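The values are calculated or read from the model by the stated rules, or taken from the named source; none is laboratory data. Computed from a predicted structure; not experimentally measured. Reconstructed Cβ throughout: ideal geometry from the backbone, glycine too, with neighbour counts over all protein chains shown.
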Amino acid sequence: MNPPSRSVVRTVWSWVWPVAIGVLVAKAISTWVVGFAYVPSASMVPAIENPGRILLDHVATDVMPIYEGEVVVFHWPDDPSQIFVKRVIGLPGDTIFIQNGHVYRNGKVLKEPYLYGLVTEGTYGPYHVPANHYFMLGDNRNISDDSRMWVHKYVPRSYIIARADFQVTPLSKFHHITQ
C-alpha cells in the first residue's frame, strides 16, 4: 500500500487545523468570557424558571466587585464539584438575620423586589460574613438549598464563576435576570 501523497496530507491538514483552532477558541470563550449553564431546580423561581438554561458573564465577576442582589454561579462550598446559582445577600463584613418573613442586612430590612411577594419562612442567623466570602439565598426561599442549610455557610470569592445575565431556554421564558 502506498503512503498518501503530500497533496492529500496538505489538503486534509488545511481542513483540520482551522476546525481545531475554532474549537479551542470557542472553548476559551465559553470558559472565560460567556457561557451557558443548566438550572435543574426551582430554587431561583421567579428569577430563573425551572428548568432552564442561563447565559453567564464570566468577565463581570472577574473585573467588577460582587454586589448585594447579584445572581451568580459558583462552586458549592460543601462539594466544590457541584455548581449552584443563587443571589448574593451578604457581602464580606455583613451580618444577616432572617425573621418574620424578612431578611435583615446589618440590622436593616433588605428590600427584595425580585421576590414578587414571596417571604422567607423561619428564623435564621445571625450570620457574620467573613472577609472574602458571601452569603447566598435562592429566590424561592422555602425550597432553596442555600447558605442557611449548608455546613460551610459562606461562598469564598474564589468559588464564584460568573454572573447569571439571561434565561435563554425555554425560549418562551427568555428574559434578563433581575439583579
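Consider GLY125 against the criteria (1) more than 20 Å from the chain's Cα centre (by Cα); (2) of a type in the set (Gly, Ala, Ser); (3) at pLDDT 95 or above: it satisfies all of them except one. Which criterion is unmet? Just one mismatch for GLY125, condition (3).
Conditions tested, residue by residue: (1) modelled with pLDDT under 90; (2) more than 14 Å from ALA164 (Cα to Cα); (3) under 9 Å from the mean Cα position of the chain (by Cα).
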site: VAL45; (1), (2), (3): no, no, no
site: ILE48; (1), (2), (3): no, no, no
site: TRP76; (1), (2), (3): no, yes, no
site: PHE84; (1), (2), (3): no, no, yes
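Could you list all residues from the stretch 130-165 that are among the aromatic types (Phe, Trp, Tyr), more than 20 Å from ALA42 (Cβ to Cβ) and more than 12 Å from the chain's Cα centre (by Cα)?
Residues satisfying the conditions are TYR134, PHE135, TYR154.
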